[in-house]
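Since the structure comes first, as structure tokens, the remarks are kept for the end.
The values are calculated or read from the model by the stated rules, or taken from the named source; none is laboratory data. From a predicted model like this one, the values you see are computed outputs, not experimental measurements. Cβ sites come from the backbone with ideal geometry, for glycine too, and all protein chains shown count toward neighbours. Areas reflect the complete protein model, heavy atoms only, side chains present, ligands, DNA and RNA absent. Shrake-Rupley method; radii C 1.70, N 1.55, O 1.52, S 1.80 Å.
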Amino acid sequence: MVGNRISRLISVVVAGSLLSACAASQPKETTRYFWPRLPERPRIEWIKNYANEADMPKGGVRQLFTDVLGEEDTINLDRALDIVVNSKQQVFIADAGSHNVVVFDFVTNKVRMLPRIDKEADRLQQPVSLALGENEQLYVGDMGTKKIAIFSANGAYQRSFPVQPNMDSVGGMAVDLINKQLFVADTRGHKIGIFDLTGKFKSSFGTRGDKDGEFSYPIPLRLNGKNELVVGDTMNARIQVFDTKGKFLRKFGSRGDAPQDFQVLKGIGIDSENNIYITDGKAHKVVIYNNDGDFLLTFGGLYSSATAGKESMGGFVLPQGLFIDKTDRIYVVDQMNHRFQVFQYLSDGYIKLNPIKGYDPNVKPVVSGKE
């Protein structure tokens, strides 16, 4: 057995040298996927899907070893719910099915789990939400323990604190670094709790209903560039915006089947221009509004990679959490396809630095047959 394995490895190395030489002389043009499609002004570009370590960047002999021998101890997403990305190119995914947080590390190009917590009472049972805090600490909201667990930027467990008796459940979270506080959605209690960063309960706002400032199963939370709290009021099928003391500011969105409408809100992300991205789990799409509540664009749609056997760029089955980093990379949990997808918001500045073949920003679009 060992001899056969060594022979295979030698064959792989030899083949690697030959294939590398061939590949160098045959450059391959990559197809790009945009919303809207060219020649219209593109706004969103699909980048890649990631399901496990086999999708991480590799090259040369290492890729050949993986293709022939396969990945060892592959970690796959089971029931992924939320996602955040730190400045170290580490993607953290709350995976309730694995009872842990899965880490896709794009520096080492490895996939791992957060270390097991020694104290049994604090161990993650059903992680449902994530947030980044001071020094990129990772906050993990756990529905099973009804606690918030805090890990260092390196993934070392630090401490936990309970949300009870002041809250019934743990939903989405957002860290307000300016005022040193943590917002936690009490999904079953239909309100938003406010804690200081040590875990001390400060106050809450909201009650069940459909009036301004009322909620029906709120889940995702995000702070925008103006430090306003954006709340996904899930079963009211709308977005509500508050100041950091809980004062209602505005709302937008409604239930329906039109491109700008919602059915079941699951995740929220904010780009560098304060545009608000919302995943709709039931409609299998991402809807984009500006900060004032004007509809901009929708992308995605129902597409199962399991049944179609294709990569299905931008196709979702029950999309969940959504996060946008400082470079306007968009990360979307594609739950029932057992992966996350990465997109890029194409701002004017981005396109100026990265021209797109087939699109000329100096050519005015044709309107009603006239230029």
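Applying the condition of being of a type in the set (A, V, I, L, M) and outside any strand (DSSP E or B) to the range 207-257 and asking which residue is nearest to N274 (Cα to Cα) yields A237.
Restricting attention to the range 157-177 and to residues that are within 23 Å of the chain's Cα centre (by Cα) and among the β-branched types (V, I, T), the residue that is farthest from G141 (Cα to Cα) turns out to be V175. Put simply, of I219, I276, I268 the only residue that is over 21 Å from F343 (Cα atoms) and either among the hydrophobic types (A, V, I, L, M, F, W, C) or out of contact with any Phe, Trp or Tyr (no Cβ under 9 Å at 6 or more places or on another chain) (or both) is I219.
Against the test of being touching a Pro at 6+ places or on another chain (Cβ under 8 Å) and either touching a residue at least 24 places away in the same chain (Cβ under 8 Å) or open to solvent by less than 40 Å² (accessible area, probe 1.4 Å) (or both), the options K226, K266 yield a single qualifying residue, K266.
Under the condition of being surrounded by 14 or more Cβ atoms within 10 Å (Cβ to Cβ) and among the small types (G, A, S), which residue from the range 279-303 is nearest to E40 (Cα to Cα)? Among them, the one singled out is G300. For the condition buried (at least 21 other Cβ atoms within 10 Å of the Cβ), among the hydrophobic types (A, V, I, L, M, F, W, C) and touching a helix residue (DSSP H, G or I) at 6+ places or on another chain (Cβ under 7 Å), I192 does not qualify. Give the range 313-355 a look and list any residue that's of a type in the set (S, T, Y), closer than 26 Å to P39 by Cβ and touching a residue at least 60 places away in the same chain (Cβ under 8 Å), or say none. Scanning the range 313-355 gives Y345, S347.
For the residues G309, G321, G293, G315, the requirement of being in contact with a strand residue (DSSP E or B) (Cβ under 6 Å, 6 or more places away or on another chain) and either modelled with pLDDT under 95 or under 27 Å from V103 (Cβ atoms) (or both) singles out G321.
On the given criteria, is S129 hydroxyl-bearing (S, T, Y) and closer than 19 Å to F323 by Cα? Answer is yes for this residue. In the set (1) without any contact (Cβ under 8 Å) to a residue 24 or more places away in the chain; (2) open to solvent by 30 Å² or more (accessible area, probe 1.4 Å), the condition left unmet by G97 is number (2). If you go through the range 334-362 and keep only what is farther than 16 Å from D271 by Cα and part of a helix (DSSP H, G or I), you end up with Q335, M336, N337, K352, L353.
Meeting the requirement of 2 or more residues that are of a type in the set (F, W, Y), the strands (runs of 3 or more DSSP E) wholly within the range 263-333 are 295-300.
Those residues that are touching a helix residue (DSSP H, G or I) at 6+ places or on another chain (Cβ under 9 Å) and open to solvent by less than 30 Å² (accessible area, probe 1.4 Å), I need them from the range 34-44; list them, please. Of everything in the range 34-44, just one residue is touching a helix residue (DSSP H, G or I) at 6+ places or on another chain (Cβ under 9 Å) and open to solvent by less than 30 Å² (accessible area, probe 1.4 Å), namely P42.
If you go through the range 132-189 and pick out every residue that is in contact with a helix residue (DSSP H, G or I) (Cβ under 6 Å, 6 or more places away or on another chain) and not in a loop (DSSP other than H, G, I, E, B), you end up with 1. Confirm whether K180 is out of contact with any Phe, Trp or Tyr (no Cβ under 6 Å at 6 or more places or on another chain), at positive phi, open to solvent by less than 60 Å² (accessible area, probe 1.4 Å) and of a type in the set (D, E, K, R). So K180 fails the test.
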